[in-house]
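Data block below; observations after.
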Amino acid sequence: MDLTTVFPAESPLYRQSVPPGPPREAGGDIVLVTEVTGFYPGCMKLFDTLLQEASLHDKAGSASKRAALKAKLTPTDTVEQVAGDLRISEGEDRRANGGLVVKGNLVLEDQGRLLVAGDLVVEGSIIHEGFDYSLLFVGGSLQAGNLLVHGEVVVLGGFKVQGVAWTYYSDYSTYADTLTARLVVADDREDAIGKVSAENHLVGHSSEIGPKLSKLLQKGLVDEEGEWSYTTLAKKLLKKEALLA
């Protein structure tokens, strides 16, 4: 089908098409007659590619790979505002082609995937509910109150958590150049983060790091043997209660 489409020069949309026919002028914009196969915001094609992957380890597992990914992103200037909590439901894929500000908590259910081309600010906590795969991809910087995830996290800009950044289990990883938080916990998990800045940074199985954790967190969250409940931590964060002692 032949279509005539007008795009302002600053438009974030781009065209997938066969080679265009002869252009003509129309009110300062260039009009191209093409056979159009689709119109996409600037980041959607890359997001489509990433969503085909079962894991982003091969795409973001090193600093050079993350830099290459970032170079392909063209986020818009739009910043989406969410007044309360934002929940990414089971199996849902959600994209933000610019920035995103969440005034409450960001909750990822199993198999939920959120991709943000620009900066992500979560004034509450980022919480992955469940033990299956989830994905949080941020092309810019990420700021949050706390973070508790079992799934995969990719941050291509600065990564700052005010309180606790807690990642759990070895199935997936966190990929970022830097992470700053008061307490960083990698429980039975190998995260690929270039530099971690934290008052306390604990890495290992819960049986090894649990005794120290119990002294850093609210009483009763971790016992002296290092036993703790992921579900209990998630529920506490959902209620916007503090984890740190």
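The values are calculated or read from the model by the stated rules, or taken from the named source; none is laboratory data. Keep in mind that this is a model prediction, so the values were computed, not measured. No Cβ is skipped: glycine too gets one built from the backbone with ideal geometry, and neighbour counts run over all protein chains shown.
Annotations
- Filtered residue count, the range 169-221, keeping only those that are touching a residue at least 60 places away in the same chain (Cβ under 8 Å) and under 27 Å from Ala68 (Cα atoms): 7
- Top-ranked residue of the range 54-75 - restricted to ones that are outside any helix (DSSP H, G or I) and buried (at least 18 other Cβ atoms within 10 Å of the Cβ), ranked as modelled with the highest pLDDT: Leu56
- Residues that are surrounded by fewer than 16 Cβ atoms within 10 Å (Cβ to Cβ) and either not in a strand (DSSP E or B) or not acidic (Asp, Glu) (or both), drawn from the range 187-200: Glu190, Gly194, Lys195, Ser197
- Scanning the range 213-242 for residues that are surrounded by 15 or more Cβ atoms within 10 Å (Cβ to Cβ) and over 22 Å from the mean Cα position of the chain (by Cα) yields Leu213, Ser214, Leu216, Leu217, Leu221, Val222, Gly226, Trp228.
- Boolean, Leu108 is in contact with a Gly (Cβ under 9 Å, 6 or more places away or on another chain), in contact (Cβ under 8 Å) with a residue 40 or more places away in the chain and buried (at least 21 other Cβ atoms within 10 Å of the Cβ): yes
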